[in-house]
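Asker: Sharing a structure below in structure tokens format, with a few things to ask.
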Amino acid sequence: MKKIEVRCPIGGKIIPLSKVKDEAFSSGVLGEGLAIQPENGKVVSPIDGTVDMVANAKHALNLVGDHGEEILIHFGIDTVTLKGKPFAVNVQTGDKVKTGDLLFEADISAIEQAGLDLSSPIVLLNPGDFKGIKLSSGKVKPGDVLFTIKG
């Protein structure tokens, strides 16, 4: 059985997905994972893989890892309403990325000024393709193991 390590893309404090104030995430309907209360707006790749989708509003993207894992990174809650203004994206669909590559940056103060929640879900979209997931907790920095997927 192989173990796939998904690294932390955003430094901050881990929040259980069930506590996120968005039912699509908190109910688990999108997949398994957790959220991070970010300390800054820099978002790096948690895996080696390919950029599968960058949202038009630049607040979220999907990655497909080299082992088939599909990871969604969603910066903040309801940040789609900002229409991309506080985000600077460094990648596009189809780009190959390595763990630690800068994906995008978010202007945290602009998001806070808009009155939006910074909680940022990181979700394994296809947990049924694997045998389990072990989530981390506490405070994390980019590069730390965020969760481990059993293949």
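The values are calculated or read from the model by the stated rules, or taken from the named source; none is laboratory data. The shown structure was predicted, so the numbers you read here are calculated from the model rather than taken from an experiment. In this analysis, Cβ positions are derived from the backbone assuming ideal geometry, glycine residues included, and neighbour counts consider all displayed protein chains.
Asker: Pick from the range 84-138 the residues that are loosely packed, with under 14 Cβ neighbours inside 10 Å, in contact with a strand residue (DSSP E or B) (Cβ under 9 Å, 6 or more places away or on another chain) and not in a loop (DSSP other than H, G, I, E, B): which of them is modelled with the lowest pLDDT?
Answerer: G132
Asker: Something else now. Could you tell me which residue of the range 1-26 is surrounded by the fewest Cβ atoms within 10 Å (Cβ to Cβ), considering only residues that are among the small types (G, A, S) and without any contact (Cβ under 8 Å) to a residue 40 or more places away in the chain?
Answerer: Going through the qualifying residues, I end up with S18.
Asker: Check every one of the strands (runs of 3 or more DSSP E) wholly within the range 27-83 and list those with 1 or more residues that are surrounded by fewer than 17 Cβ atoms within 10 Å (Cβ to Cβ) and either touching a helix residue (DSSP H, G or I) at 6+ places or on another chain (Cβ under 7 Å) or of a type in the set (A, V, I, L, M) (or both).
Answerer: 49-54
Asker: Can you confirm whether the range 7-14 contains a residue that is under 14 Å from T99 (Cβ atoms), in a loop (DSSP other than H, G, I, E, B) and not β-branched (V, I, T)?
Answerer: yes
Asker: Considering each residue of the range 97-122, count those that are touching a Phe, Trp or Tyr at 6+ places or on another chain (Cβ under 7 Å) and under 13 Å from C8 (Cα atoms), and give that number.
Answerer: Counting residues in the range 97-122 that are touching a Phe, Trp or Tyr at 6+ places or on another chain (Cβ under 7 Å) and under 13 Å from C8 (Cα atoms) gives 2.
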